[in-house]
Amino acid sequence: MAAKEAAIARFLDEHPRAADAGRGHPALQGCEDIRWAEFPQCPAGIPVLLRALLDQEAASEAERALSNCLLNDVTSMNAAMPAALPFLLRLASDPQVSVRAELVDLLVGVVGYSRPVDADNEAMVRWFGSDSEHPESEQCRAVFAEHASVVEALAEELADPDDRTRFRQAAGLL
């Protein structure tokens with residue numbers, strides 16, 4: 001957790017104006033109202049990084065920092081991901097966002113993390129944990145379903161047909 005907080009502090013030191021870049025952007029409406037620090041291993045500075053995604057100069061660094069905050073490791077995402085997902089989906093669907101492609105790549109990863117784990121596959125359960133251990137996976141699937149029209153539009157843009165299928169499955173479209 002300290003490393004995530006330190007990364008946000010470094011980001012702000014390097015890009016002090018980026019924190020205000022996306023203030024008032026409709027895609028981020030409500031991001032300040034979420035109590036991010038109440039999620040385990042989630043820094044309070046998530047809104048700063050979300051807004052900074054709209055800063056042309058700092059967007060790439062903000063996307064990296066945000067990804068590191070919302071993905072715990074190679075096998076799991078942070079419990080805050082379902083709360084961040086609506087903002088990420090809206091930003092990824094905005095052609096004016098300079099890191100749109102990176103956000104779509106992040107969303108492809110989130111779709112992968114959100115897939116249900118086959119409880120009968122011991123190796124998968126050992127590696128990824130059971131669905132009951134990671135309620136954020138099901139919560140993300142619910143967010144994808146809630147934003148199915150955005151997910152469908154983003155899926156159409158994906159080059160990989162398997163990614164398109166997984167996107168649609170995550171939203172309950174298949």
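Does Ala83 satisfy the condition of being among the aliphatic types (A, V, I, L, M) and over 10 Å from the mean Cα position of the chain (by Cα)?
For Ala83, the condition - among the aliphatic types (A, V, I, L, M) and over 10 Å from the mean Cα position of the chain (by Cα) - is not met.
The numbered conditions (1) over 21 Å from Gln169 (Cβ atoms); (2) polar (S, T, N, Q); (3) modelled with pLDDT under 95 are all true for Thr75 except (1).
Using the structure shown, decide if Val104 is open to solvent by less than 70 Å² (accessible area, probe 1.4 Å), among the β-branched types (Val, Ile, Thr), part of a helix (DSSP H, G or I) and modelled with pLDDT of 95 or more. Judged against the criteria, Val104 is a match. The number of residues in the stretch 35-66 that are more than 15 Å from Arg10 (Cα to Cα) and of a type outside the set (Asp, Glu) comes to 13.
For Leu53, indicate whether it is over 20 Å from Ser98 (Cβ atoms) and under 14 Å from the mean Cα position of the chain (by Cα). No: the conditions fail for Leu53. Answer yes or no: is there a residue in the stretch 125-135 that is of a type outside the set (A, V, I, L, M), at pLDDT below 75, under 24 Å from Ala44 (Cα atoms) and assigned to a helix (DSSP H, G or I). Looking for residues that are of a type outside the set (A, V, I, L, M), at pLDDT below 75, under 24 Å from Ala44 (Cα atoms) and assigned to a helix (DSSP H, G or I), one finds at least one in the stretch 125-135, hence yes. Within the stretch 10-30, the set of residues being part of a loop (DSSP other than H, G, I, E, B), open to solvent by less than 50 Å² (accessible area, probe 1.4 Å) and within 10 Å of Leu50 (Cα to Cα) comprises Ala21, Gly22.
The values are calculated or read from the model by the stated rules, or taken from the named source; none is laboratory data. Every value quoted in this text rests on a predicted model; they were computed, and no experiment measured them. Every residue, glycine among them, receives a Cβ derived from its backbone with ideal geometry; neighbour counts consider all protein chains shown. Each accessible area value is taken on the protein alone, full model and side chains, heavy atoms only, with ligands, DNA and RNA left out. Shrake-Rupley method; radii C 1.70, N 1.55, O 1.52, S 1.80 Å.
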